[in-house]
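> Provided herewith is a single structure, encoded as C-alpha cells, for subsequent inquiry.
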C-alpha cells in the first residue's frame, strides 16, 4: 500500500492494453497510480486462441502486472474486483476490502461475451475471453478426443465436432487453428481414431467472414479456411444451443458438445456496479475527451467505452485502447494543472487476422490489402512486438518456431484445477 | 483403441519414469502396450518445486504421453484411473469404462504423500507431488503476498511464513527456492510490503538435512540454506497442524497458513484397488525379478514397489524406476518366450539436490562429493538431459537463463481454475 502522500491518486480499473497505457504514461508524473485487476497479470488477448489450441503455454500470454511496474515507484498493482463507486465521496469498494479513495478513476475493464439472448448460450457455450477460458477450452478439446478414442460411437454424438459461432477475427483465427490442430497433431496422437471425422464448423450470420475487411481479404479467409477443411456456414444464425447440439436457423441441427461463442461482445458487466451512463452494448458513454459525463473525476477507455468520432464508433481494438489510455493520462494531468483537456482522435493503425500456417490477412489504411504468407509474417512480427515482457517474447518465439518446424504443438496437456488446501472454503 | 490382435497385451499403470521405460523398451517388440495414467501427460517430478516457486511454466515439466509414443504404433496411451483388477480373468477396470483385458500388468503408479497420521496434516498441509499441487502452491504463495500487501497485520498471523516439513531433497530444494523467490523477486514486486518479515522455516526430525548424503554435503546444505535466510530447525518434530499454525514438539507454535509437507511418501493408495500383497509404506512386495508373488502376470516397479537387494531396500529414485522398467520389459519378453527371468540389480547412479543459485550437492558412488557451483552446473545439465521432449528442454533452458541473468522469475501468475462449461456436472 502506498504511504500517505499529497499526490493525486489515479485509480485504473483493468490491466488490459488501455489500463497499462495509463500507468505507463503516468509513471514519471507527480501522481500515484493504482491499477486494479481481478487477475495479478495482464492477459494478451490476441493470442488466447493459441493457448486454447495447445500452441502456447498459458504463461506465455500472461504477464505479472507488478513485474511490469516494478521499476515505477508510483504505480501500484492491486488484486481485486471493484464492487461499487461513490462518485461524490470519491471512494470505491473492492471486494470486502477497506474503501479506496481516488482523485481520478479510469474505467478500462474491457468486454465480456455477448450471447444476445440466444437460448442455451450462457449455459452451454464456451467463451474465449480470459486465460481460464482458454485453458478450459484446451482441456475440453483434449478430453473429448480421449473420450472418443475409448468409444468411437461418441463421434456420432458430436464429440469431435467443434462449432465456432462468429466469423470475425477471433472466430476465423480459432477455426483455422483448430483445423490445423486436428489435421496435423491430433491425427498423429490418436492413430486409431478416425480423426477425418472431426469437424470444425464456423457459423456466421453475415454473408461473409471478416466483414469489416476488404473483399480480397474476406475471400482469402474463406478460401484458406475451406482448404483447411473448415465448414464455413455463411448467412446462418443460431437458434438455440443445447448440451449436445446446436440448432441453426431453419431447424437444421448439428450434434456438438463443444460450441465456442465468438459472435459478439458487450461491455464488462462491472459497469452495473459503477453507476455510470451506458449506451450501445452496455458501454459507458463518454465525452470527446473520454471523460464520463456528470462524473467529474471519471474516465473510460478501450472496449468498455462507447466512443464516437465523426459520427462513427471507434473500433474495439488494442490500438484504440492504448491511444485512449495515452490521451486520458494527458487529460488527467491537464485537469490537475487546470489546463483544458483534448478530444480523442483515433489513429487507424489497420487490422489483421491469421488463418493458419503461412496464411493471414492484413489491412493498413491507404495501402493495398496483404494476404497470404507476407501478411502472416507481418502478423507474427507485430504480435511478438506487442507482447509484454522479453521472457514472454522468447517463449512465444520458441513455441512458434517449434510448431512451424515440426508441425507439432507442445503444451497439449490436460491441466486439472490447481489444487487448493482442503480448507479453502472453511477455516482457512 | 487397438485393433484386435494376437500379440500379447502389456498394460502399464502410470506414465512416470518407470512406466515410460517399459513402453520405450517394448516399442519395437511383438507386443501391444497400453500406458494408463490419470493425466494425459508425464510429469517431471524433480522440477515441480520450480513450478511452485514461479521459476518454470506448468507445461515445462509436463509432456503428452501420446506425443512420446507418437511414432510407436504398438504403444498406446489411455487416460483414466484404475479402479480394480481381476487377476484370474486378467481384466481390469478403468473408471466406468469397459473392462480392459491384459496378458501382463505392470504397476508403476508411484507414490503419494505420507502424513504419518500427524493431526491436521491431511486437511491443512500442501502436498507437492503432482502438477496441480505445484500450481496450487504457486497460487497460494502469490495470494498470501497480495493479501498481506493490502493488510500488513496479516503478517503477524503468518501470512508470509512458509513452513516446509521434511529435510530431504524436496524440502531442501523447495526451501532454497522459496527464500530466493522472496528475497530476489517478491521483494521488488511488493515494494511497500516489509518482505524482510517473510519467513521460510524448514523443519526436520533428524539432526541433519539430507540424511542419506555424506557429511560434507549435509553441512553445505545447512550452511547454504541458512545463508539464504532459511530457518533450519533440526531434530524437531511436528505435533499437529491447524489452519493458522503448526505446533512443534515441545509445544512451540509457529503461525503459518502455508505448510508444505515434504516429509515422506508411501505407495500410491491405488494398491488398495489392485488386490496385491503390500509391505512397508503400503508398497507392493515383489520377487527378485520384480514380479508380484502369486499374481502370475503382475509386475511392480519404481516407488510403488518394495524392492530389497542385498538386504537393503532400493532407494526411491528415478534411476531405480527406469532400471526396473527396463528389467520388467525384458522379463515380460522372457516369460512370453518361455525363457527364465532375471533378478533386479540396482546400479547406483548417485544422487543430487540443489539449494539455489550456484549451490547444490552431488554424490556419485566411489567419487568425492561435489558441493557448490560445480554440483549446481552438474545438476542443471543432468536435469535438462533427463527432461523428456526437445521443446520442454528449450523452454526450461530459456527460463533458467532468464532467471539466472535477471534474478527474475517469469511465470508468477495466479491461474484460476480452468473454466468449464456450466453444465459440467449436469446434462453435458
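The values are calculated or read from the model by the stated rules, or taken from the named source; none is laboratory data. None of the values given here were measured: they were computed from a predicted structure. Cβ placement follows ideal geometry from the backbone for every residue including glycine, while neighbour counts extend to all protein chains displayed.
> Among residues belonging to segment B:404-428 that are away from chain A (no Cβ under 11 Å) and out of contact with any helix residue (DSSP H, G or I) (no Cβ under 8 Å at 6 or more places or on another chain), point out the one that is modelled with the highest pLDDT.
So, considering only residues that are away from chain A (no Cβ under 11 Å) and out of contact with any helix residue (DSSP H, G or I) (no Cβ under 8 Å at 6 or more places or on another chain), the one modelled with the highest pLDDT is B:404.
> Hey, among B:203, B:185, which residue is modelled with pLDDT of 95 or more and either touching a helix residue (DSSP H, G or I) at 6+ places or on another chain (Cβ under 7 Å) or not assigned by TED's automatic domain parsing to the domain that holds residue B:50 (or both)?
B:203
> Just to be sure I understand, how many residues within segment A:112-124 are assigned to a strand (DSSP E or B) and modelled with pLDDT of 95 or more?
The number of residues fulfilling the criteria is 0.
> Could you check residue A:367 against (1) modelled with pLDDT of 90 or more; (2) part of a loop (DSSP other than H, G, I, E, B); (3) assigned by TED's automatic domain parsing to the domain that holds residue A:170 and say which number it fails?
(1)
> Next question. Do we have residue A:29 as out of contact with any strand residue (DSSP E or B) (no Cβ under 7 Å at 6 or more places or on another chain), assigned to a loop (DSSP other than H, G, I, E, B) and modelled with pLDDT of 95 or more here?
In short, yes.
> Quick one: how many residues across segment A:387-403 are closer than 21 Å to residue A:15 by Cα, buried (at least 19 other Cβ atoms within 10 Å of the Cβ) and facing another protein chain (nearest Cβ under 9 Å)?
Counting residues in segment A:387-403 that are closer than 21 Å to residue A:15 by Cα, buried (at least 19 other Cβ atoms within 10 Å of the Cβ) and facing another protein chain (nearest Cβ under 9 Å) gives 3.
> Name the residue that is nearest to residue B:321 (Cα to Cα), counting only residues in segment B:16-53 that are within 9 Å of chain A (Cβ to nearest Cβ) and crowded, with 24+ Cβ neighbours inside 10 Å.
The selected residue is B:41.
Conditions (1) at positive phi; (2) in the same structural domain as residue A:288 (by TED's automatic domain parsing); (3) in contact with a helix residue (DSSP H, G or I) (Cβ under 9 Å, 6 or more places away or on another chain), marked per residue:
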| site | (1), (2), (3) |
| --- | --- |
| A:346 | no, no, yes |
| A:355 | no, no, yes |
| A:359 | no, no, yes |
| A:362 | no, no, yes |
| A:371 | no, no, yes |
| A:378 | no, no, no |
| A:389 | yes, no, yes |
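> Check segment B:360-369 and report whether any residue there is surrounded by 24 or more Cβ atoms within 10 Å (Cβ to Cβ) and closer than 26 Å to residue B:266 by Cα.
yes
> Please tell me if residue B:161 is over 19 Å from residue A:66 (Cβ atoms) and more than 21 Å from the chain's Cα centre (by Cα).
Here the answer is yes, as residue B:161 does meet what is asked.
> Now for a separate question. Exactly one of these conditions fails for residue A:139: (1) within 30 Å of residue B:96 (Cβ to Cβ); (2) modelled with pLDDT of 95 or more. Give me its number.
(2)
> Which is more than 30 Å from residue B:77 (Cβ to Cβ), crowded, with 16+ Cβ neighbours inside 10 Å, within 21 Å of the chain's Cα centre (by Cα) and not assigned by TED's automatic domain parsing to the domain that holds residue A:301, of A:210, A:248?
Every option except A:210 fails the conditions.
> Inspect segment B:53-76 for any residue being without any contact (Cβ under 8 Å) to a residue 60 or more places away in the chain and within 19 Å of the chain's Cα centre (by Cα) and give the result as yes or no.
Within segment B:53-76, one or more residues are without any contact (Cβ under 8 Å) to a residue 60 or more places away in the chain and within 19 Å of the chain's Cα centre (by Cα).
> Across segment B:54-72, what is the total count of residues that are in contact with a strand residue (DSSP E or B) (Cβ under 7 Å, 6 or more places away or on another chain), more than 12 Å from residue B:392 (Cα to Cα), buried (at least 24 other Cβ atoms within 10 Å of the Cβ) and more than 7 Å from every other protein chain (Cβ to nearest Cβ)?
Qualifying residue count, segment B:54-72: 1.
Each row is one residue, and each column tells you yes or no for (1) surrounded by 21 or more Cβ atoms within 10 Å (Cβ to Cβ); (2) in a loop (DSSP other than H, G, I, E, B); (3) modelled with pLDDT of 85 or more.
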{"residue": "A:332", "(1), (2), (3)": "yes, no, yes"}
{"residue": "A:344", "(1), (2), (3)": "yes, yes, yes"}
{"residue": "A:355", "(1), (2), (3)": "yes, no, yes"}
{"residue": "A:383", "(1), (2), (3)": "no, no, yes"}
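> On to the next question. For segment A:74-110, enumerate the residues that are away from every other protein chain (no Cβ under 13 Å), in a strand (DSSP E or B) and within 19 Å of residue B:416 (Cα to Cα).
Across segment A:74-110, the qualifying residue is only A:82.
> Right, next: Output the strands (runs of 3 or more DSSP E) that fall wholly within segment A:214-319 and possess 3 or more residues being touching a helix residue (DSSP H, G or I) at 6+ places or on another chain (Cβ under 9 Å), or say none.
Here the list reads A:238-242, A:258-261, A:265-267, A:298-300.
> I'd like the residue in segment B:287-297 that is touching a residue at least 24 places away in the same chain (Cβ under 8 Å) and under 21 Å from residue B:319 (Cα atoms) and, out of all such residues, is surrounded by the most Cβ atoms within 10 Å (Cβ to Cβ).
B:290
> Do we have residue A:128 as in a strand (DSSP E or B) and more than 8 Å from chain B (Cβ to nearest Cβ) here?
no
> Taking residue B:97 as meeting all but one of (1) out of contact with any strand residue (DSSP E or B) (no Cβ under 9 Å at 6 or more places or on another chain); (2) farther than 30 Å from residue B:162 by Cβ, write down the number of the exception.
(1)
> Let me ask you something else. Could you tell me which residue of segment A:232-245 is surrounded by the most Cβ atoms within 10 Å (Cβ to Cβ), considering only residues that are under 13 Å from residue A:166 (Cα atoms) and in contact with a strand residue (DSSP E or B) (Cβ under 6 Å, 6 or more places away or on another chain)?
Filtering first and then ranking leaves A:238.
> What do you reckon, is residue B:159 buried (at least 24 other Cβ atoms within 10 Å of the Cβ) and more than 25 Å from residue A:95 (Cβ to Cβ)?
Considered against the rule, which asks whether it is buried (at least 24 other Cβ atoms within 10 Å of the Cβ) and more than 25 Å from residue A:95 (Cβ to Cβ), residue B:159 comes out as no.
One line per residue, one yes/no per condition, for (1) within 19 Å of the chain's Cα centre (by Cα); (2) modelled with pLDDT of 95 or more:
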{"position": "A:290", "(1), (2)": "no, yes"}
{"position": "A:299", "(1), (2)": "no, yes"}
{"position": "A:302", "(1), (2)": "yes, yes"}
{"position": "A:311", "(1), (2)": "no, no"}
{"position": "A:316", "(1), (2)": "yes, no"}
{"position": "A:321", "(1), (2)": "yes, yes"}
{"position": "A:326", "(1), (2)": "no, yes"}
{"position": "A:336", "(1), (2)": "no, yes"}
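> Across segment A:251-276, what is the total count of residues that are surrounded by 16 or more Cβ atoms within 10 Å (Cβ to Cβ) and either within 14 Å of another protein chain (Cβ to nearest Cβ) or farther than 20 Å from residue A:121 by Cβ (or both)?
11
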